[in-house]
Amino acid sequence: MVQPADHQVEVVRVVPPDDAAEHLKDFGLTVEMLHRSIEAGDNKRNQVSQEYYPLTYRGVVMWAETLAELRRQLLKISDGYEIGRTANYETIYCVKRNVALAVVAGDSMVGTKGSRDPRLTRKRGIKTTERVTRNARYIYQQGELFPLPKNKEIPEDETCLTWFLMVRPTSKEVRLELSWPLSIDDDGLVGGWQKRILLPPVAISGATAPVNPDDYLDDGNDNIVSR
Amino acid sequence: MGQRSFNPTRLTLARQRNGFTKQHLADLCGVSRRAVTAWESGDVDNPPLEALVTSLGFPLSFFLSDDPPLISRESIAFRALSTMTARQLDRILATTTFALELSDWINENYKTPRPNLPDFSEPDDLLPAVAAESLRSIWGLHERPVNQLLPLLERNGVRVFSLPIEDREVDAFSFWRDTEPYIFLNTGKTAERIRFDLAHELAHLLMHRQVVGQKSRSLEQDAQTFASNLLIPADALYAQVVGRLRLGDVFKLKRYWRVSAVALVHRLAQLAIISEWHYRTWMIELSQQGFRSSEPGGIHPEASRLFKELLRLLREDGWSTHRIASELNIPAREINGMVFGLAIAPAPANARTSQQPDLLMDTRKPPFPALSVIK
């Protein structure tokens, strides 16, 4: 089960990229699996980044393709992960590990330990607020030794703690981290994090397809001048 | 062969080839301008041939030969005409005459590919992009880059000659003589620009056969569009660009398609693969990096396959440039000039010379150390 080490409310704990692999084991994840998910999202995003497409589409595609690949990766390992979409809140969750993973877009502080913590790039809706609030309740109740009741009427995916795979594409790379949100501010953005696992960035995909060496074959070798 | 007489047409041709005015020739020969006019009009049976030979640098036999095959300026798809004087134009037209004579000589002595170009002159509203796509299909190029355009044209019967170094006021021009298509190139430009010029002139040959000489902006634009579509086919580029391009990707793409960076950026913008803003920004960047006037890191010039093979056979058969020139009654320098840059290339940069080497000279002792035969 993924939870704070001492079951106490604690300051944000930031795991540097070099230590990420060890911490991801709690999720049954590897850095490679997350990178592969990001690459899938980035590749698709690039394909719809040309002028022909609506501007907002690329963000939607990146979110959807990253989540889809993350789901594929986790379903493949048969570790109890399932697709969650209660109330249209799209996750991949695992009851055994008490974790639901969602993909969100973050600001420029994603993936780095900077002067402040990252923020989400847009105001979240009521479902996100509920999820983050549940995270907070869990932490506080764990601290007071009151476990979160397992209400059978609550769908499984909603009973899990929600972690964000937070993504920030730049012109050169896609930065990412797997983080545990703790509170939503009045502005609808995440205001605090219980834990942040920083991950090595993913180099942005090439904008051109690979060259096939057989493409240069238009010349015949037969002579064109004779006596 | 009987006694041959002076041919005044040949005198005009030699004078024009030298770029001389009648007055200048008159001064060289120590006669009046009116005398030269009389010689060229055929009013004088026996002009001072020795003085003409000396002044014009053409052999005596040249002035005694039959009428040369002349190409009228109306039958040529010219560019840069507006910046040329009539004298410059005549000088270049004279070159075409010698090229035609050389071409005839080649046809008489060797077998070369017969013209095999589709006729896209009908319907007259055929879109150049459609024509280029059709040609790609006919020639089996489909969506691949055109590796070597010059040999490809030669293989399909197009005769490609070089403009002599001193006649490079024009980019390129083309014309049909009966069923034979001809292209003349300024080989002093970058390999990428030469390829584009070739594709441009090919457009005129294919599409504007009926309207050649009717110089208009729209015909030129059509030829540019054809060239762009032929060298950088849209569907292939659509498939190739899978993401948001950066300027660095342009260099990768331009090497793949073997075109200039500027031509590629223009094509990307035309297909809306990049935004107008990117187009402007990248053009400025390319200009600052020298890509407007040259092609840093560019491809090697294409070589004429026809001349390369022909030169080999000529050497085997004991022909020298002077012997061929003698057969054609023209100076050897004219022959060398017509293939300079096609079969014989100047090595880059500092070894530039205003003279052209002898294409059939013994290659074991190259006259100009920095000149090399294109492989």
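Couplings for the stretch B:179-196, taken from phi via the Karplus curve 6.51 cos²θ - 1.76 cosθ + 1.60 with θ = phi - 60°, read 9, 9, x, 10, 10, 10, 10, 8, 8, x, 9, 5, 4, 5, 5, 5, 4, 5 Hz in order; Gly and Pro are left as x.
When accessible surface is computed with a 1.4 Å probe, chains A and B are found to bury approximately 3100 Å² between them, both chains counted.
By DSSP, the beta bridges lying fully in the protein assembly as shown are antiparallel in about 70 percent of cases. The residues of the stretch B:234-288 expose, per residue, 43 Å² of accessible area to a 1.4 Å probe. Taking amide H atoms as placed 1.01 Å from N in the peptide plane, the amide H of residue A:84 lies under 5 Å from those of A:91, A:92, A:93, each 5 or more residues away in sequence or on another chain. Here the spin labels are modelled as points 7 Å beyond Cα on the Cα-Cβ line, and at residue B:24 and residue B:129 they lie 4.7 nm apart.
Give the total of Lys-Lys pairs in chain B with Cα-Cα distances below 18 Å; include a pair only if its members are 8 or more places apart or on different chains. Taking the Cα cut-off of 18 Å, the pair count is 4.
Our summary gives chain B a relative contact order of 17 percent, counting only alpha carbon pairs under 8 angstrom and 6 or more residues apart. For the stretch B:234-288, pairs of C-alpha atoms spaced more than 14 angstrom apart make up 47 percent of the total. Ordering B:227, B:152, B:186 by Cα displacement along the dipole of the stretch B:111-231 toward the positive end leaves B:152 in first place; charges were set at the Cβ atoms of Lys, Arg (+1) and Asp, Glu (-1). Each Cα pair of the stretch B:111-231 feeds into the Kirkwood radius, which the Stokes-Einstein equation turns, at 10 °C and 1.306 mPa s, into a diffusion coefficient of 110 µm²/s. Working from Cα pairs under 8 Å separated by at least six residues, relative contact order for the stretch B:234-288 is 30 percent. Taking the Cα centre of the protein assembly as shown as the origin and placing charges on Cβ (Lys, Arg +1; Asp, Glu -1), which of B:54, B:118, B:245 is farthest toward the positive end of the dipole? The Cα lying farthest towards the positive end belongs to B:245. Translational diffusion coefficient of the stretch B:158-292 (Stokes-Einstein, Kirkwood radius from Cα pairs, 37 °C, 0.692 mPa s): 204 µm²/s.
Charge dipole of the protein assembly as shown (Cα centre as origin; +1 on each Lys and Arg Cβ, -1 on each Asp and Glu Cβ, all else neutral): 1120 debye, rounded to the nearest 20. Against chain B, whose longest principal axis is taken from its Cα atoms, helix B:86-109 shows a tilt of about 90°. The amide H of residue A:167, built 1.01 Å from its N in the peptide plane, has A:104, A:105, A:106 as neighbours under 5 Å, considering only residues 5 or more places off or on other chains. The alpha carbon centroids of the stretch A:11-42 and the stretch A:74-104 are separated by 16 Å. Taking only the Cα atoms of chain B, the ratio Rg/Rh comes out at 1.00, with Rh defined as the Kirkwood radius. Across all directions, the shadow cast by the convex hull of the protein assembly as shown built on its C-alpha atoms averages 37.3 square nanometres.
Computed from Cα positions, the angle between helix B:261-270 and the longest principal axis of chain B comes to roughly 50 degrees. Summing Cβ point charges (Lys, Arg +1; Asp, Glu -1) relative to the Cα centre of chain B gives a dipole of roughly 1220 debye.
As a calculated quantity, the FRET efficiency between residue A:18 and residue A:129 at R0 = 45 Å, using C-beta atoms, amounts to about 0.85. Evaluating 6.51 cos²θ - 1.76 cosθ + 1.60 at θ = phi - 60° for every residue in the stretch B:137-147, the Karplus couplings come out as 5, 4, 8, x, 7, 6, 10, 8, x, 7, 5 Hz, glycine and proline recorded as x. 3J(HN,Hα) along the stretch B:22-37, derived from phi through the Karplus expression 6.51 cos²θ - 1.76 cosθ + 1.60 where θ = phi - 60°, amounts to 4, 4, 5, 5, 4, 4, 5, 8, x, 10, 8, 4, 4, 4, 4, 4 Hz, with x in place of Gly and Pro. Taken about its Cα centre, the stretch B:111-231 carries a charge dipole of roughly 400 debye when the Cβ of each Lys and Arg holds +1 and the Cβ of each Asp and Glu holds -1.
Given springs between every Cα pair under 10 Å in a Gaussian network model of chain B, which of B:109, B:18, B:229 has the largest fluctuation? Sorting by GNM fluctuation, first place goes to B:109.
Between residue A:51 and residue B:317, the modelled label-to-label distance comes to 5.4 nm, taking each label 7 Å out from Cα in the direction of the beta carbon. Near residue B:177, the amide H atoms lying under 5 Å from its own belong to B:182; only residues 5 or more places off or on other chains count, and H is placed 1.01 Å from N.
The length gained by stretching the chain between residue B:211 and residue B:292 to full extension, at 0.36 nm per residue less their Cα-Cα distance, is 26.0 nm. Can you say what percent of the DSSP beta bridges in the stretch B:120-252, counting only those with both residues inside, are antiparallel? Round to 5. That works out to approximately 60 percent antiparallel.
The values are calculated or read from the model by the stated rules, or taken from the named source; none is laboratory data. Quantities reported herein were computed from a predicted structural model and do not represent experimental measurements. Note that each Cβ is placed from the backbone with ideal geometry, even for glycine, and that neighbours are counted across all protein chains shown. Surface accessibility is based on the protein's heavy atoms, side chains included, excluding ligands, DNA and RNA. Shrake-Rupley method; radii C 1.70, N 1.55, O 1.52, S 1.80 Å.
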